[in-house]
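Shown next, in structure tokens, is the structure this report addresses.
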Amino acid sequence: LEGGKRKILIVDDDEQIIELFQDVLGRDERFAVKAARTGYDAGIMTEQFKPDLMILDYMLPDINGNIVCKTVRANPNQSAMKIIIVSGVVNQSEVEDLLDAGADEFVKKPFNLEQLMKMVNELLELS
């Protein structure tokens, strides 16, 4: 771990969502936070940054969250990384597909930031 910090990668094409997560997570000294705006950038950042957790928007400009999840899960070097999908999608079958693709949790937009932070702490096994 880089300086003992848990690494979180935010993948979203919405600048306001990225800024929100960077602000909230960045204030917590336990986390190092980086962001990507496309699935392609997420792939590169995952290789370089090696995040412990990815907060992933389902609808990216280039690919959807299913493909990102499957790609991450297919790489043995990233098998321990946790993935939280964030989306406005409410179709239950799509949510199940995301969980089947390898997502650990699903959070519907608009989300409760406090609940999301609790989920991050639980997935990273932090108190």
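Can you list the residues, at least 5 places off or on another chain, whose amide H is less than 5 Å from the amide H of L60, using H built in the peptide plane?
Sorted by chain and number, the residues that satisfy this are G65.
Distance cut-off 22 Å, Cα to Cα: go down the list K5/K34; K5/K109; K70/K108; K82/K108; K50/K109; K5/K70 and report the pairs above it.
K5/K109; K50/K109; K5/K70
Ignoring ligands, DNA and RNA, what percent of the 1.4 Å accessible area of the chain is carbon and sulfur?
After summing per-atom areas, the C and S share lands at 48 percent.
The range 1-101: which GluC sites (Glu not before Pro) are DSSP loop and have at most 14 other beta-carbon atoms within 10 angstrom?
On the way: sites: E2, E15, E19, E29, E47, E94, E96; in loops: E29.
For GluC sites (Glu not before Pro) across the range 1-101 that sit outside H, G, I, E and B with at most 14 neighbouring Cβ atoms in 10 Å, the list reads E29.
Only helical DSSP H runs with n ≥ 4 go in: add -39500 (n - 2.57) per run for the chain, normalise by residue count and round the 222 nm mean residue ellipticity to 500 deg cm²/dmol.
-13000 deg cm²/dmol
Provide the gained length on full extension for the span D28 to K5, in nm with one decimal, where the gain is 0.36 nm per separating residue minus the Cα-Cα distance.
Result: 7.3 nm gained on full extension.
Between E47 and M59, what length in nm is gained on full extension when 0.36 nm per residue of separation is reduced by their alpha carbon distance?
In short, 2.2 nm is gained.
The values are calculated or read from the model by the stated rules, or taken from the named source; none is laboratory data. Everything numeric here is computed off the predicted structure, so don't read it as measured data. Positions of Cβ are generated from backbone atoms using ideal geometry, with glycine treated the same way; all protein chains shown enter the neighbour counts. To get the accessible areas, we keep the full protein, side chains included, count just its heavy atoms, and leave off ligands, DNA and RNA. Shrake-Rupley method; radii C 1.70, N 1.55, O 1.52, S 1.80 Å.
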